[in-house]
Amino acid sequence: MPPPPSPTAHAVPSPPKLRRLPLALGTTVLGLSLASWYFLRPPSPKALDPASYSPALITSHTHPTPRTSLLKLRLPSPSPPPEPFYVLWVKSPQVQIERPYTPLRGLEGEGGEEVELWVRHERGGEVSRYLSGRKVGEEVEVRGWTRSIQWQDKDWDEVIMLSGGTGIAPFHQLLHHLFLSSPVPPQKTRFTLLHGSRSPSELPPPEILGPLAALQQRWPERFRMRLFVDELAGGPAVHSVGDERLLLNERRIQLDDLLRAVDPPPPPRFRFLGRVMALLPPFMSPRQEEKPKRNKVLWLVSGPEEMVEAYAGPRARDLSEGEVGGVLGSMGTGKGWEVRKL
Ligand SMILES: Cc1cc2nc3c(=O)[nH]c(=O)nc-3n(C[C@H](O)[C@H](O)[C@H](O)COP(=O)(O)OP(=O)(O)OC[C@H]3O[C@@H](n4cnc5c(N)ncnc54)[C@H](O)[C@@H]3O)c2cc1C
């Protein structure tokens with residue numbers, strides 16, 4: 001009879017099992033590490049969303065005029081913005097209120113995740129004052145995109161934009177979208193921007209006026225810009241932006257300026273020719289070219305509330321655009337004209 005197996009012979013693991021032990025231990029450690037990384041990793045920043053806030057990093061903050069900020073914000077994984085006019089909402093954490101601001105151009109900067117805002121510091125204003133105190137490297141809570149009004153190309157003959165102060169921002173956004181970021185700029189519509197600031201030192205910064213001056217230079221038949229200041233304060237009646245010298249009108253935008261925007265006088269060389277022609281007897285004058293009828297006109301007004309009210313009438317009680325009134329109301333709008341308040 002063979003001797004019974006000793007109990008100790010079973011207690012010692014066999015060589016193949018021993019070899020599998022480190023593998024099992026390694027798998028367990030790896031699994032535990034992966035699980036702890038998954039559950040303990042810092043939350044990834046939430047992408048820009050219209051319905052909830054996410055943090056945006058301030059990458060640049062300058063004060064181009066005494067009471068304004070030019071801010072660049074890096075947004076978390078933003079989707080491309082819609083067509084103009086779109087805004088980004090900024091929240092003040094102190095009082096939990098939000099205000100809309102208008103990106104000057106679409107997404108830009110490294111990685112195409114930045115926007116630039118031009119913000120006026122309102123005296124006693126909650127969010128603008130909060131923004132004016134923020135520094136590069138700090139974060140602000142934002143949500144977006146949302147639309148203010150929708151740009152609709154209804155085959156306009158003329159689009160005439162009236163702006164005051166930072167109210168120029170949506171028009172810069174529109175013009176950038178139509179002319180500067182589009183391969184085919186508008187072929188038919190003529191755009192006119194009439195912009196007013198209190199003084200030359202409060203005019204929009206070169207980041208805004210520069211591209212618009214260049215646009216006017218490149219496509220004078222498609223885009224014209226006229227600048228107005230309440231007072232020159234003894235300064236020159238020209239405003240230099242890079243190589244461009246822009247004429248300043250020392251007054252508020254008047255009815256006459258609106259009429260000229262719809263029906264501009266002929267350029268000076270034709271005016272001279274016209275005077276010579278007027279001296280000739282009728283049978284010697286060449287046939288007058290019939291002026292094209294320009295009756296599809298879109299008026300856009302953007303600026304401080306008093307300005308919007310003066311040119312286009314007050315907003316309704318629910319803050320919607322309300323009836324057309326003011327100077328534009330008195331000009332009559334039943335001729336294929338449309339007036340929008342931004
Ligand atoms: C579609 C859209 C786009 C916009 N885009 C821009 C932009 O690009 N840039 C820009 O600068 N602005 C823009 N604005 C305006 C902006 O949203 C804010 O309205 C502006 O910055 C003021 O907000 P605030 O919180 O600083 O001021 P608020 O606190 O709203 O105060 C506004 C004004 O009311 C006065 N006020 C506040 N409280 C009182 C009180 N108790 N009694 C009396 N007066 C008071 C303040 O002194 C201030 O003058 C836009 C607005 C809209 C609707």
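What the table below lists for this structure:
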| quantity | calculated |
| --- | --- |
| So Ser92, is it touching a helix residue (DSSP H, G or I) at 6+ places or on another chain (Cβ under 7 Å) and surrounded by fewer than 19 Cβ atoms within 10 Å (Cβ to Cβ) | yes |
| Count of residues meeting criterion [part of a loop (DSSP other than H, G, I, E, B) and among the β-branched types (Val, Ile, Thr)] in the stretch 297-342 | 2 |
| Strands (runs of 3 or more DSSP E) completely within the stretch 53-140 that count 1 or more residues being within 8 Å of the ligand (Cβ to nearest atom) | 68-74, 86-92, 97-101, 114-120 |
| Yes/no for Gly165 being in contact (Cβ under 8 Å) with a residue 40 or more places away in the chain, at positive phi and within 16 Å of the ligand (Cβ to nearest atom) | yes |
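Coordinate-derived values only; no laboratory data. For clarity, every value in this text was computed on a predicted model and none was experimentally measured. Please note: Cβ atoms are built from the backbone with ideal geometry, for glycine as well, and neighbour counts cover all protein chains shown.
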